[in-house]
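Reading through the structure tokens given below for one structure.
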């Protein structure tokens, strides 16, 4: 028996991006028992995944589960986080392991000196490299996200006029410099003939209310009203998804939806753009301002544009996004 521990502590998007590793191990090593270690707040991302035998979670410290992990006697650890916390797990468990390459030096050079030594390789493929000692190969079937059947009526909770179809727009982001400006979203929504559902977390609720009020009655703000799984069902029901670089973008890719992604201070070259199966015909349009000498200004993001002009987002005109939506 191969008992394997996969480690990834954050975030929603990153965990979704690890799902090909989970599937490939389970299908290519049929006797494998797969456990996954993450944070409790991300459990919902994995709970419906049939390829995982057990999920271990922490709130803050790995000591919360360390005794349980020691008792499992793992044959191999696939470290898809590669930080001090995951190093501690490996040091205590003493099982054979491999970590993925975070490319921190290459990213630092790109951000600070605009020197591009980044490989043309998606992070999914770098994650899979960590499973290569097990003989695992990429099956080319893309990401997995398994909807919770108990939340399948989420779309029926929308006003009736939205239940026949809508464009979903994910307005939030982990950082302000990854978020498309509200005034441009309003312009985009005003020019859309479709119904529009705005998606985001509680922090996006006020912004969503403002956008919906200014854009018109065909726009519905749901930010903060639905759980992750409920929001995923709303993504599944959309005809097209417009999204910032967020976790919901990766869930949309896992659901094989047509996507227009909007890139501000981050760049697709970091390897975290929407990842589709080889045979998938879904639209995958990535909107970004190229070239822009200050971009990328960070591998993660800031509260506001360091230069003050925010050209990376402001120069992406709503008309271009509208044309992308209408191209399907």
Revision key, fill the gap. Given 4 °C, 1.567 mPa s and a Kirkwood radius over Cα pairs, the Stokes-Einstein diffusion coefficient of region 149-325 in µm²/s is 80
**Study point:** Beta bridges per DSSP with both ends in region 149-325, % antiparallel, nearest 5
**Key:** 0
Exercise for review: Return the Cα extents of region 87-143 along principal axes one, two and three, sorted largest first, each rounded to a whole Å.
Suggested key: 39, 32, 17
Point to revise | Ellipticity estimate at 222 nm from DSSP helix runs (n ≥ 4, -39,500 (n - 2.57)) divided over the chain, nearest 500 | key: -8500 deg cm²/dmol
Point to revise | Virtual spin-label span in nm between residue 40 and residue 148, 7 Å along Cα→Cβ | key: 1.6
Study note, to complete from the structure: What the 10 Å binned alpha carbon P(r) of region 118-182 shows, as percent of pairs per bin from 0, is 13, 22, 31, 25, 8, 0
**Study point:** Under the Debye formula (equal points on every Cα, no solvent term), log10 I(q)/I(0) of region 1-103 at q = 0.16 Å⁻¹
**Key:** -0.62
Point to revise | Packing rank of 320-326, 74-80, 291-297, where each peptide gets the mean count of other beta carbons within 10 Å, highest leading | key: 74-80, 320-326, 291-297
Practice item. Once you have the Cα-Cα distance between residue 113 and residue 317, take 0.36 nm times their residue separation minus that, and quote the gain in nm to one decimal. Key: 70.7 nm
**Study point:** Cα→Cβ-extended label distance, 7 Å offset, between residue 60 and residue 290, nm
**Key:** 4.4
Practice item. Quick one: work out Rg over Rh on the C-alpha atoms of the chain, Rh as Kirkwood radius. Key: 0.98
Review point. With springs only between Cα atoms under 10 Å, which of 214, 206, 279 fluctuates most in a Gaussian network model of the chain?
Key: 279
Check your understanding: Based on the mean of other beta carbon atoms within 10 Å per residue, what is the order of 98-110, 254-266, most packed first?
Key -> 254-266, 98-110
Exercise for review: Bin width 5 Å, alpha-carbon pairs only: give the P(r) of region 156-232 as whole percents, running from 0 to the bin holding the largest distance.
Suggested key: 3, 17, 29, 27, 17, 6, 1
Study note, to complete from the structure: Over all pairs of different Cα atoms in region 259-300, the reciprocal of the mean inverse distance gives a Kirkwood radius in Å of 11.5
Check your understanding: So what are region 95-226's ellipsoid semi-axes, whole angstrom, largest first, if each one is the square root of 5 times an eigenvalue of the alpha-carbon gyration tensor?
Key -> 38, 23, 13
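Values in this text are rule-based calculations from the coordinates and carry no lab data. Model, not experiment: these values are computed from the prediction. Glycine also receives a Cβ, built like all others from the backbone with ideal geometry; neighbour counts cover every protein chain displayed.
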